[in-house]
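The values are calculated or read from the model by the stated rules, or taken from the named source; none is laboratory data. What you are looking at is a predicted structure, and each value in this text was computed from that prediction instead of being measured. Glycine gets a Cβ as well: all are built from the backbone with ideal geometry, and neighbour counts include every protein chain shown. What goes into the accessible areas is simple: the full protein's heavy atoms, side chains included, and nothing from ligands, DNA or RNA. Shrake-Rupley method; radii C 1.70, N 1.55, O 1.52, S 1.80 Å.
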Number of protein chains: 2
Amino acid sequence: VPTTSPSPVFDRTVAVLCGGVGAARLLAGLMDVLPAASITAIVNVADDTEIHGLSISPDIDTIVYTLAGAIDPERGWGLAGESWQALAALERYEGVRPPGSSAANRWFGLGDKDLATHFYRTQRLAEGATLTAVTAEIATAWGLGLTILPMTNDRLRTFVTTAQFGRIPFQEFFVRHRHAINALSVEFEGAVAASPGAAVVDAITTADLVIIAPSNPLVSIGPILSIDAIRTAVEGRRADVVAVSPIIAGKALKGPADHMLASAGIEVSAAGVAAHYRAVAATMVIDDLDAELASAVAAEGLRPIVTDTVMTSRERAAALCRTILGMT
Amino acid sequence: VPTTSPSPVFDRTVAVLCGGVGAARLLAGLMDVLPAASITAIVNVADDTEIHGLSISPDIDTIVYTLAGAIDPERGWGLAGESWQALAALERYEGVRPPGSSAANRWFGLGDKDLATHFYRTQRLAEGATLTAVTAEIATAWGLGLTILPMTNDRLRTFVTTAQFGRIPFQEFFVRHRHAINALSVEFEGAVAASPGAAVVDAITTADLVIIAPSNPLVSIGPILSIDAIRTAVEGRRADVVAVSPIIAGKALKGPADHMLASAGIEVSAAGVAAHYRAVAATMVIDDLDAELASAVAAEGLRPIVTDTVMTSRERAAALCRTILGMT
């Protein structure tokens, strides 16, 4: 049967549960092997924060900037070619900040150009737009054709309990203290009351394949699955869910996933991640370096796929995605 | 009697009712002839606005930046040596802004360094600090020794009714439409319920001299005097109140005061301003160019002082202040 469609390399739809950098790279690979319209990213927003009155969605922005080719490649966040005048000028106010105030805090990196995204989001939210709507507008502004969905439009925030600072918001743990401190426990405040964001459950239910990106299982994927209706939907698709291990040779490529898994009593290995995901995923992609863990993954009830999972280039990311989609 | 004080050039205290640029220049002159601790600026905040979620106080910032020697001398607002990356980056979002949204508006000039001031103010207000407290902190951060008091901590906002756009907030009239459109009328929303800011009435009551700066009588000084307790306090000090005419030879040096006075049915001259201020001021400083209006000012019941009022340099501003203080 002849078709008028522009010869897609693949015709399956995918829904991807996403954190920040690892997910962004996986999505970039998917964009090279699938039509953008076939891809839905369901993104963690439990890391969202308000700083200087601005509404900031770090994982959404990392995904948008990465897919637009605008991300700073060294930092892995924010825009390339960025300037820092506003943040630098805040130094003047450090000395007059009263005790207990967070005004003039400069530990959260806000580049001058990046500010425009926060200005736009903040103003639209203040006008009553949902984060779902604003995120779609931002994706369009950057010329992206995939669907980027916040996991929820409700307030659901990750708090980390630490020995040194007590219970602190995620960004204080992650950015201010550069996750160099130990997380004793993690809570998702607001999870019980939160509803899935618009179109999220539908995307999971109808996608041909659901992918769990190689993001932090506890603080990136964890908040998404902490919303009951999302977890139930993912569990209902277990046979079609493929998780990519963020742990390679016992370490996280980036971020504190390894230390956090250990704190949570989860084995810091692809097998430990498989055990963590056993209720939601039937397939687990593990790195070539972890080939010997394939049987341990299988023992957890997940079909192991062993391949190169290190996405240091867009080509390697696309190759990983072809493997996930069963194209190789 | 010998004194240990550092030989002040003058020992009187002054309270100055202030708008933006004209007031800032007068205050700069006062700072050269009086100890900073003797000067209290009572500043219009009815022009304040929220843009991109940020709390902006244009008149306070113009005064602070001017007195700190940091103002851009050509523009008369914002910081010298400013960059505009954030504002420029907002252009990307213009195309996706839904109808009716004010997100991505770029007509209000926000330089990158200037943003730090708005970030600090916004965060402190969100923490529950009063604008009075935040303004004092900002003045201290810029090394200023005078007292800068917002006229109120309540929400009191100027709206301008125009034929083209209906009733619009002051900054839309003043900045977006560059006050090139005609103001049919002006309202101070919230004036009835507003209380004077902390220390404002006390400053007016106790100052040796009260000065009304050469600011727009309708939309800069007007909002200050729209607060009952402030107007009553100024009226009570009428004998010691000196107003400086913002109209010279029938024109405002800057801004729409001339057109607005005409719209309000007030004669666009120093004599018209004298009539407008007759209940609150006993003395009126008019420019040499308006010497022939001295008798008309006197006929309104105000003692005229004729001198050079054009503050194009700090020296000329200081000379004007010496005259006001009776030092010449």
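Against the definition (of a type in the set (Ser, Thr, Tyr) and surrounded by fewer than 16 Cβ atoms within 10 Å (Cβ to Cβ)), how does A:Thr312 come out, yes or no? Taking the combined requirement at face value, the residue satisfies it. Is it the case that some residue within region A:83-102 is open to solvent by 20 Å² or more (accessible area, probe 1.4 Å) and touching a Ser or Thr at 6+ places or on another chain (Cβ under 6 Å)? Taking every residue of region A:83-102 in turn, at least one turns out to be open to solvent by 20 Å² or more (accessible area, probe 1.4 Å) and touching a Ser or Thr at 6+ places or on another chain (Cβ under 6 Å).
Residues that are surrounded by 17 or more Cβ atoms within 10 Å (Cβ to Cβ) and part of a helix (DSSP H, G or I) do occur in region A:279-290, at least one of them. Whenever a residue of region A:75-91 is of a type in the set (Asp, Glu), its partners that are assigned to a loop (DSSP other than H, G, I, E, B), lying with C-beta atoms within less than 6 angstrom and at least six residues away or across chains, give the pairs A:Glu82/A:Gly111. Only one of the listed residues (A:Leu131, A:Leu115) is buried (at least 24 other Cβ atoms within 10 Å of the Cβ), more than 9 Å from every other protein chain (Cβ to nearest Cβ) and of a type outside the set (Gly, Ala, Ser). That residue is A:Leu131.
Residues that are closer than 30 Å to A:Gly69 by Cβ and outside any loop (DSSP other than H, G, I, E, B) within region A:81-99 comprise A:Gln85, A:Ala86, A:Leu87, A:Ala88, A:Ala89, listed in sequence order.
Among the strands (runs of 3 or more DSSP E) confined to region A:39-80, the ones with at least 3 residues that are open to solvent by 10 Å² or more (accessible area, probe 1.4 Å) are located at A:49-51.
The residue that is nearest to B:Ile227 (Cα to Cα), among those in region B:150-165 that are in contact with a strand residue (DSSP E or B) (Cβ under 7 Å, 6 or more places away or on another chain) and open to solvent by 10 Å² or more (accessible area, probe 1.4 Å), is B:Arg157.
Taking every residue in region B:284-309 that is at positive phi and of a type in the set (Gly, Ala, Ser) and pairing it with any residue that is in a strand (DSSP E or B) and crowded, with 18+ Cβ neighbours inside 10 Å, at least 6 positions away or on another chain, yields no pair with a Cβ-Cβ distance below 9 Å.
From the list A:Leu156, A:Leu218, the lone residue that is in contact (Cβ under 8 Å) with a residue 60 or more places away in the chain and among the aliphatic types (A, V, I, L, M) is A:Leu156. Please find, within region B:118-128, the residue that is farthest from the chain's Cα centre (by Cα) out of those that are surrounded by fewer than 21 Cβ atoms within 10 Å (Cβ to Cβ) and within 7 Å of chain A (Cβ to nearest Cβ). Looking at the filtered set, the residue picked out is B:Glu127. The residues listed here are B:Leu302, B:Leu325, B:Leu320; of these, the one that is crowded, with 18+ Cβ neighbours inside 10 Å and over 28 Å from B:Thr158 (Cβ atoms) is B:Leu325.
Based on this model, can you work out whether B:Ile247 counts as among the β-branched types (Val, Ile, Thr), over 18 Å from the mean Cα position of the chain (by Cα) and crowded, with 18+ Cβ neighbours inside 10 Å? Against the criterion (among the β-branched types (Val, Ile, Thr), over 18 Å from the mean Cα position of the chain (by Cα) and crowded, with 18+ Cβ neighbours inside 10 Å), B:Ile247 does not qualify.
On inspection, B:Val234 does not qualify as modelled with pLDDT of 95 or more and part of a strand (DSSP E or B). Screening A:Leu209, A:Leu146, A:Leu184 for residues that are of a type outside the set (Gly, Ala, Ser), touching a helix residue (DSSP H, G or I) at 6+ places or on another chain (Cβ under 9 Å) and open to solvent by 30 Å² or more (accessible area, probe 1.4 Å) leaves exactly one candidate, A:Leu184. Before we move on, is B:Ile63 more than 12 Å from chain A (Cβ to nearest Cβ) and within 14 Å of the chain's Cα centre (by Cα)? Taking the combined requirement at face value, the residue satisfies it. What tally of residues in region A:84-101 results from selecting those that are at the interface with chain B (Cβ under 7 Å from one of its Cβ atoms), closer than 18 Å to B:Leu79 by Cβ and either over 30 Å from the mean Cα position of the chain (by Cα) or aliphatic (A, V, I, L, M) (or both)? Here the count works out to 6.
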